[in-house]
Amino acid sequence: KRGMLRALEKRPLSSEEIDTLFGKILNQIRTSGVREIKSIEVGEIMMDALRTVDSVAYVRFASVYKNFREAKDFEEFVGVISDNKE
């Protein structure tokens with residue numbers, strides 16, 4: 001949750017909207033039917049959720065989660081996002 005909150009810093013979502021989003025993420029994990037879930041899967045679920053509410057927060061979260069090291073990493077990622085929207 002801390003990573004998600006950091007990604008959403010200074011973004012136009014209310015605390016209620018953020019709580020709702022986090023609740024949906026927890027619910028998705030709980031209802032997955034799996035006793036244990038890998039952290040990589042949790043990260044993907046969080047990225048998917050952020051993508052639906054705020055593209056800037058999504059890129060922020062992805063940059064840390066995917067460990068971007070250079071500007072070209074951002075460029076490639078944003079290129080993939082743009083391609084998927086078309």
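The values are calculated or read from the model by the stated rules, or taken from the named source; none is laboratory data. Bear in mind the structure is a predicted one, so any value in this text is a computation, not a measurement. So basically every Cβ, Gly included, is an ideal-geometry build from the backbone, and we count neighbours across all protein chains shown. Calculation scope for accessible area: heavy atoms of the full protein, side chains included, ligands and nucleic acids excluded. Shrake-Rupley method; radii C 1.70, N 1.55, O 1.52, S 1.80 Å.
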Using a Förster distance of 35 Å, how high is the FRET efficiency between Glu75 and Ser32, based on the Cβ-Cβ distance and rounded to 0.05?
0.60
Over the chain, what is the mean sequence separation of C-alpha contacts under 8 Å (at least six apart), divided by residue count, expressed as relative contact order in percent?
34 percent
Under a point-charge model restricted to the Cβ atoms of Lys and Arg (+1) and Asp and Glu (-1), what is the dipole moment magnitude of the chain relative to its Cα centre, in debye to the nearest 20?
340 debye
Rounded to the nearest 500, what is the 222 nm mean residue ellipticity of the chain from helices alone, with -39500 (n - 2.57) per DSSP H run of 4+ residues and division by all residues?
-23000 deg cm²/dmol
On the protein heavy atoms, probe 1.4 angstrom, tell me the percent of accessible surface of the chain carried by carbon and sulfur.
50 percent
Using a Gaussian network model of the chain with C-alpha springs under 10 Å, which one of Phe61, Phe22, Phe74 is most mobile by mean-square fluctuation?
Phe74
Suppose R0 equals 35 Å. What FRET efficiency, 1/(1 + (r/R0)^6) with r the Cβ-Cβ distance, do Ser15 and Phe68 give to the nearest 0.05?
0.80
Looking at segment 49-78, which GluC sites (Glu not before Pro) are DSSP coil and have at most 16 other C-beta atoms within 10 Å of their C-beta?
Glu70
So I have (1) 0.98; (2) 1.05; (3) 0.94, and one of them is Rg/Rh (Cα atoms, Kirkwood Rh) calculated from this model. Which one is it?
(1)
Using a 1.4 angstrom probe, figure out how much accessible area the chain has per residue, in square angstrom, rounded to the nearest whole.
74 Å²
Looking at the chain as a GNM with Cα springs under 10 Å, which of Thr52, Thr20, Thr31 has the largest mean-square fluctuation?
Thr31
Local net charge near Ile37, Cβ-Cβ under 12 Å (Lys/Arg +1, Asp/Glu -1):
0
Residue among Arg35, Arg11, Arg51 with the largest mean-square fluctuation in a Gaussian network model of the chain, springs linking Cα atoms under 10 Å:
Arg35
